[in-house]
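A.B. asks: Have a look at this one before I ask anything.
Throughout, read-outs are computed from the coordinates displayed, never taken from laboratory work. The model shown is predicted, which means the values in this text are computed figures rather than measured ones. Here Cβ is always computed from backbone atoms with ideal geometry, including for glycine, and neighbour counts include all displayed protein chains.
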Amino acid sequence: MTKKKRTTDHAAILADTVVKGIQEKKGSNIVIMNLKGIPNAVTDYMVIANGESNTQVAAIADSVEDEVRKSLDEKPWHTEGYSNALWVLLDYVTVVVHVFQPDVRDYYQLEKLWADAEFNWVKD
């Protein structure tokens, strides 16, 4: 009899860890988008959240980096947007994190761009 090896979805664990970092700094309107079933998707999961000011957006992004480093010993492959903190992007390759100020999120509407994704809204 052979044992069936249980696979772990590391990207899903990373996405959940990202959410913890967002919640630590009171990020709101959090959604985890599962893009795995979408052909030519840029990542496995996209996590989007709001911060109400430049300071909060930067603090949320810092908290995500800290939580992921502490829990999973990973650093983002690429970051963008810290200079003005209207929209900070953290790219972990299998998970891409977007922390927006609400008006910027409304303008870009990433949820509509990836409307075929499976959406998991996280309670504030």
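A.B. asks: If you look for lysine pairs in the chain that are eight or more places apart or on different chains, how many of them have Cα atoms under 22 Å apart?
C.D. replies: Within the chain, the lysine pair count is 14.
A.B. asks: Angle between the Cα long axis of helix 54-72 and the longest principal axis of the chain, 0 to 90 degrees, nearest 10?
C.D. replies: Roughly 20 degrees between the two axes.
A.B. asks: Still on this structure: What angle do you read, to the nearest 10 degrees and between 0 and 90, between the alpha-carbon axis of helix 10-24 and the longest principal axis of the chain?
C.D. replies: Compared with the principal axis, the helix lies near 30 degrees.
A.B. asks: Looking only at Asp106, Asp66, Asp91, which one moves most when the chain is put into a Gaussian network model with springs between Cα atoms under 10 Å?
C.D. replies: Checking each option, the largest mean-square fluctuation is seen for Asp106.
A.B. asks: Within segment 45-85, what residues put their amide N at less than 19 Å from the label point 7 Å along the Cα-to-Cβ vector of Trp121?
C.D. replies: Zone members listed by number: 46-52.
A.B. asks: What Rg and what Dmax come out for segment 26-118 when only alpha-carbon atoms are used, in angstroms?
C.D. replies: 12.7, 36
A.B. asks: Can you give the net charge of the other residues whose Cβ lies under 15 Å from the Cβ of Gly81, counting K and R as +1 and D and E as -1? Display every interim value, and only then the final one.
C.D. replies: Numbers: positive: Arg105; negative: Asp62, Glu65, Glu80, Asp91, Asp103.
Counting the neighbours of Gly81, the net charge comes to -4.
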